[in-house]
Amino acid sequence: MLRLNGITKPLLWFYSPQMFTFARHVDAAAVVYDCMDELANFKFAPAGLKELEAALMARADLVLTGGSSLFEARKHLHDNIHLFPSGVELDHFQTVRDGLQPAPDMASLPGKKLGFYGVIDERIDLALLQHLARMRPDWSIIMVGPLAKIGHEDLPKAANLHFVGPRPYAELPSCLAAWDVALMPFAINEATRFISPTKTPEYLAAGLPVVSTPIVDVVATYGDTDSVQIATTHDAFVAACDTALRMDTKALLPLVDQKLAAMSWDETFRRIAGLVNAAIESGARKIYTPSLRRTRSSGPYDYLVVGAGFAGSVLAERLAAGSGKRILICDRRPHIGGNAYDHPDAAGILVHKYGPHIFHTNSDEIVAYLSRFTAWRPYEHRVLACVGQQQLPMPINRTTLNKLYGLDLSSDEQTEQFLRSRAEPIDPIESSRDVVISQVGSELYRTFFEGYTRKQWGMDPSELDKAVTARVPTRFNTDDRYFLDRFQAMPLHGYTAMFENMLDHANIELALGVDFKEVQAQNLAPQTIYTGPIDEYFDHRFGALPYRSLRFQHETLEQRRFQPVAVVNYPAPDVPYTRITEYKHLTGQVHPQTSISYEFPQADGDPYYPIPRPENAALYKRYEALAREHPDVHFVGRLGTYRYYNMDQVVGQALATYRRMVTAPGPRMHATVSA
Ligand code: FAD
Ligand code: UDP
């Protein structure tokens, strides 16, 4: 079939491991396993399905799971596995709320109408339907959908129980428009343990109350809304239908809509498309190995760029490609990329030498610029904080509070109220301690911030600028992403590969393992761009600017997965490290082992963090003033301008510096159109 159609290297997409038997030999661009059900638990499941699934998982570049129970059961079995619960086409189903005409055959049935649509097989509790029909003879119970694996003779019979056969998707809203309550009369058995019925959000989008048996994923997702009544016994199910019929459904819609807002198929499509593209482009297993180049020529150069991190590399690229300048870029480290440098470790797992770097930004300009040098893998960062025996979402959100205190806060308002009752107002807010205590009070401050910050910075939060802990703001909702930026992704082949592309220009020469001090006296270029520590450039003339350093302990473990998310923080004062990172979460790399790193903060060592404190800012100002007396040296970057900047901010700063250089009426600077 593939040969006849001239298809080479197709994308293989499996909904069932069964099909793997006849397609496993195909040379594929990528293999996706889209796990929608625990098929092995279904009636008449073929033997060996579990083994086949294991083989498919071993081959797959990407695994998608259609519900949280399916995901939980598999998350340790694959590295690039993702949860995509059912989406809902809101426009289609919300027409019911706007007064859509009900299906006439159903509207003409007597009494209250309670309906279900979906496949009718061993997953439906037929005895429950019989009970419901008998207990409420004046209601009409309508079952829409094809029969599978059971025959008409197996169905319960009652005058008010109507098995009406399947209806096309386009007609489902008109069915819903005829009903008063939507049903999920599932049997609780092996076959339903892992289901995540798509019909739940569809029923809700139509504005109907739902009555369900206790399906695990339904309880987990909707158990907290009255719109979905959960009933464990047959009698309770009848009573729940009574309740649903009495309910003021309209009043419940705002909460329902809040849940549905996150479930659009468009958003699901966008995220899956990104993951599939990433799987195809990277082949998932291919790892980029950096090739180090040293300079061969000896100039002449227009610019000496000191530091091959984001600041230095962006400026080198812009000046070379944008303005035709000749650049020598030196770095005292033996590699490019600065602190964002990544490389395959001894096991072949891509790790970040200097701790986890997650790219996030709200700037379209910065994304567009970097996208010239890299494709992206969608990645949303999540962090858990280890508190006692628990791992809790960080930043603090509703889930954190519910788990920590055994609470049942179910809305943003309740959460806000809870935190307001604990917050201790401070005016004016000056330090990193003030920011947190004024939002969440002393107890949560001590649990999540005090120990971590003392370890990380070697000082009490009361001594640090408020901007430091303000980076991690509290949430009232259940959003557990660490960053909220519009764009969150990782360079598909890693940071180093992106830097290689950036610096791959005939006008750029690299001198790695070369300190500025070694070449300074040679006056290799009339202009210097300096991205190292500004105080070091001036031989610490006004005293040393304080920096915080880290020691990284890298390890490779003989297991596929170590922790549930990429980063787990350890705020406890008696644990010597601040956090553990597991890199495969960031990259989606498929590998039987896993690599992690511990971070131990320390005073001495490479300068990683400028320390935001008023007196340090004042000292920096003196260096900045001194720098103005050296118009042929441009100080840029986290160390060059002593700012606690993220990568995107450094890119933005470098691009702005370039723009200023191009427009400045200085000598010999003409912008050329960049590729
Ligand atoms: P650097 O990357 O530090 O590059 C400066 C380069 O200059 C270095 O390679 C250095 O060797 C070289 N150099 C210095 N002095 C000399 C000299 N005298 N001669 C020659 N070379 C010299 N940002 C994010 O956006 N997301 C994150 O998740 C994130 N996580 C981080 C985690 C850690 C542990 C750290 C330390 C930082 C993190 N950052 C993160 C910040 C990010 O690393 C910086 O914003 C970015 O790397 C700064 O780029 P830069 O070019 O200014 O500096
Ligand atoms: N912080 C904390 N507990 C945490 C996470 C962060 O106290 O679990 C504080 C700490 O002072 C940290 C600061 O918030 O240095 C900023 O955290 P962020 O994750 O933004 O720091 P990064 O490592 O990215 O520089």
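What net charge do the residues around residue 528 carry, taking every other residue with its C-beta under 11 Å from that of residue 528, with Lys and Arg at +1 and Asp and Glu at -1?
Once positives and negatives cancel, what remains is -2.
Relative to its Kirkwood radius, the Cα radius of gyration of the stretch 326-416 gives an Rg/Rh of 1.13.
Taking a ≥ b ≥ c as the square roots of the Cα gyration tensor eigenvalues, the stretch 123-204 comes out rounded, since a/c falls below 1.5. Using the Cβ-Cβ distance between residue 617 and residue 82 with R0 set to 45 Å, the FRET efficiency works out to roughly 0.60. Model label sites at residue 73 and residue 127, defined 7 Å from Cα along the beta-carbon direction, differ in position by 2.3 nm.
At full extension, residue 501 and residue 92 could sit 142.7 nm farther apart than now, given 0.36 nm per residue minus the alpha carbon distance. With contributions of -39500 (n - 2.57) from each DSSP H run of at least four residues, the per-residue ellipticity at 222 nm computed over the chain stands at -9000 deg cm²/dmol. Once backbone amide H atoms are built at 1.01 Å from N, residue 112 has 140 as its partners under 5 Å, excluding neighbours fewer than 5 places away on the same chain. The gain in end-to-end length when the residue 563 to residue 421 segment is fully stretched comes to 47.8 nm, 0.36 nm per residue minus the alpha carbon separation.
With a Förster radius of 25 Å applied to the C-beta separation of residue 134 and residue 169, the computed FRET efficiency comes to 0.20. Axis angle, to the nearest 10 degrees, between helix 126-135 and the longest C-alpha principal axis of the chain: 60 degrees. Computed from backbone phi, the HN-Hα couplings of the stretch 307-313 come to x, 10, x, 4, 4, x, 5 Hz, rounded to whole numbers (Karplus: 6.51 cos²θ - 1.76 cosθ + 1.60, θ = phi - 60°; Gly and Pro given as x).
Relative to the longest principal axis of the Cα atoms of the chain, the long axis of helix 412-422 makes an angle of roughly 60 degrees.
Is there a quick way to get the dipole size of the chain? I mean about its Cα centre, with the Cβ of Lys and Arg at +1 and of Asp and Glu at -1; what is the value in debye to the nearest 20?
1380
The alpha carbon centroids of the stretch 75-108 and the stretch 170-189 are separated by 11 Å. Electrostatic bookkeeping for residue 265 treats Lys and Arg as +1 and Asp and Glu as -1; over the other residues with beta carbon under 14 Å from its beta carbon, the sum is -3.
When the alpha carbon coordinates of the chain are projected onto the principal axes, the ranges are 98, 71, 49 Å, largest first. Taking label positions 7 Å along the Cα-Cβ direction at both residue 477 and residue 549, the computed distance is 4.3 nm, reported to one decimal. Between helix 234-246 and the chain there is an angle of about 80 degrees, using the helix long axis and the longest principal axis of the Cα atoms. Restricting the calculation to Cα atoms, the stretch 185-237 shows an Rg/Rh of 0.93 when the hydrodynamic-style radius is the Kirkwood one. Across the stretch 186-208, the residues whose backbone nitrogen lies under 18 Å from the label position 7 Å along the beta-carbon direction of residue 251 are 207-208. The local environment of residue 28, defined by Cβ-Cβ distances under 9 Å, has a net charge of 0 under the rule Lys, Arg +1 and Asp, Glu -1. Put +1 on the Cβ of every Lys and Arg and -1 on every Asp and Glu Cβ in the chain; which of 341, 526, 17 then has its Cα farthest towards the positive end of the dipole? Result: 526, furthest along the dipole toward the positive end. Can you give the FRET efficiency to the nearest 0.05 for residue 4 and residue 47, using r as the Cβ-Cβ distance and R₀ = 30 Å? Result of the calculation: an efficiency of 0.40. Label separation (residue 442 vs residue 262): 3.4 nm, computed from points 7 Å beyond Cα along the C-beta direction. For the stretch 454-506, the mean projected area of the C-alpha convex hull, equal to one quarter of the hull surface, is 7.1 nm². Rounded to the nearest Hz, the phi-derived 3J(HN,Hα) couplings of the stretch 211-218 under the Karplus curve 6.51 cos²θ - 1.76 cosθ + 1.60 (θ = phi - 60°) are 10, 9, 6, x, 6, 3, 5, 5, where x marks glycine and proline. Straightening the chain between residue 390 and residue 656 buys 91.3 nm, computed as 0.36 nm per residue apart minus the Cα-Cα spacing. Among the listed pairs 353/466; 455/517; 259/466; 157/250; 113/250, a Cα-Cα separation exceeding 22 Å is found for 353/466; 455/517; 259/466; 157/250.
Laboratory data are not the source of any read-out in this text; all were calculated from the coordinates shown. Being a predicted model, the structure only gives us computed values, none of them experimental. Using ideal geometry, Cβ is built from the backbone for each residue, glycine included, and neighbour counts are taken over all protein chains shown.
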